[in-house]
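**Q** So that we are looking at the same thing, I have put the structure below in structure tokens.
The values are calculated or read from the model by the stated rules, or taken from the named source; none is laboratory data. This is a predicted model, so every value here is computed, not measured. Here the Cβ positions follow ideal geometry from the backbone for every residue, glycine too, while neighbour counts run over all protein chains shown. Surface accessibility is based on the protein's heavy atoms, side chains included, excluding ligands, DNA and RNA. Shrake-Rupley method; radii C 1.70, N 1.55, O 1.52, S 1.80 Å.
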Number of protein chains: 2
Amino acid sequence: MSNLCGDLPASLPEELVEVLVESPHVRIERIVSTGHASPAGYWYDQEQSEWVVVLRGEARLLFEGDGEPMHLVPGDHVLIPAHRKHRVEWTTPEEPTVWLAVFFGAHAGSY
Amino acid sequence: MSNLCGDLPASLPEELVEVLVESPHVRIERIVSTGHASPAGYWYDQEQSEWVVVLRGEARLLFEGDGEPMHLVPGDHVLIPAHRKHRVEWTTPEEPTVWLAVFFGAHAGSY
């Protein structure tokens, strides 16, 4: 047993990604961001669907074609279908933002 | 977008289970318990593996063969392998306990 909000580093030069579960069809990750955002102009375009929830902190997630990003606070969750382009516009620099992400669909694992 | 800690009923005669994601290989559920426990002598014996996290509240989870249950507080997560018998010994009656459960492996969906 471990805790999703434990072991938060005091400083975080890059996003911290930890794989919690990996199986042929699902991968569960904890992602910790502190002020990180996707690189300018970069869009995620994923083979897998991703269900993601913010557990702590705050973030803004933008889907391609949307005028405004979604503002996510703890407990907010969203399903990102495979190949739905999206980017993280902002995470709060004030504290770590902890995301829980479940990737599933074709080849969610790294095998 | 919705919130995992939103829409918590004021009273809860039975556990509340909501399916958030359902696909052929993964099912994500939010489960809300308020003082609920597994029936006396009942053990879950599941075809799927289950990764579960407590997001709010408190619970005690017992694995068959263990002397003592695990005490789970918000953020605590545990992987329950398929067919590992377990039961919920207790959830706090003081407030709703919100679980997030990801079922995966053979026939995680209800198809």
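**Q** How do the pairs read when you match residues in the stretch A:49-71 that are within 12 Å of chain B (Cβ to nearest Cβ) with residues anywhere that are among the polar types (S, T, N, Q) and open to solvent by less than 10 Å² (accessible area, probe 1.4 Å), using Cβ under 6 Å and keeping only pairs 6 or more apart or on different chains?
**A** As it stands, the answer is A:A59/A:T91; A:A59/A:T97, since those pairs meet every condition given.
**Q** Checking B:H25 against (1) open to solvent by less than 50 Å² (accessible area, probe 1.4 Å); (2) within 14 Å of chain A (Cβ to nearest Cβ): exactly one of these is not met. Which one?
**A** (1)
**Q** Follow-up. Residue by residue through the stretch A:1-10, note down the ones that are out of contact with any Lys or Arg (no Cβ under 8 Å at 6 or more places or on another chain) and either open to solvent by 90 Å² or more (accessible area, probe 1.4 Å) or under 16 Å from A:V52 (Cβ atoms) (or both).
**A** The initial filter retains those residues of the stretch A:1-10 that are out of contact with any Lys or Arg (no Cβ under 8 Å at 6 or more places or on another chain), namely A:1-3, A:6-10.
Within the stretch A:1-10, A:M1, A:D7, A:A10 meet the criteria.
**Q** Here's something else I'd like to know. When A:E64 is evaluated against the numbered criteria (1) touching a Leu at 6+ places or on another chain (Cβ under 9 Å); (2) acidic (D, E); (3) open to solvent by 70 Å² or more (accessible area, probe 1.4 Å), which criterion, by number, is the only one it fails?
**A** Status for A:E64: all satisfied but (1).
**Q** List the number of the failed condition for A:D45; all other conditions in (1) more than 10 Å from chain B (Cβ to nearest Cβ); (2) touching a strand residue (DSSP E or B) at 6+ places or on another chain (Cβ under 9 Å); (3) farther than 27 Å from A:S11 by Cβ; (4) modelled with pLDDT under 95 hold.
**A** Failed condition: (4).
**Q** Also, I was wondering about something else. For the structure I just gave you, tell me whether A:A37 is under 12 Å from the mean Cα position of the chain (by Cα), of a type in the set (G, A, S) and surrounded by fewer than 20 Cβ atoms within 10 Å (Cβ to Cβ). Full working, then the answer.
**A** Details: under 12 Å from the mean Cα position of the chain (by Cα): yes; of a type in the set (G, A, S): yes; surrounded by fewer than 20 Cβ atoms within 10 Å (Cβ to Cβ): yes.
Criteria met by A:A37.
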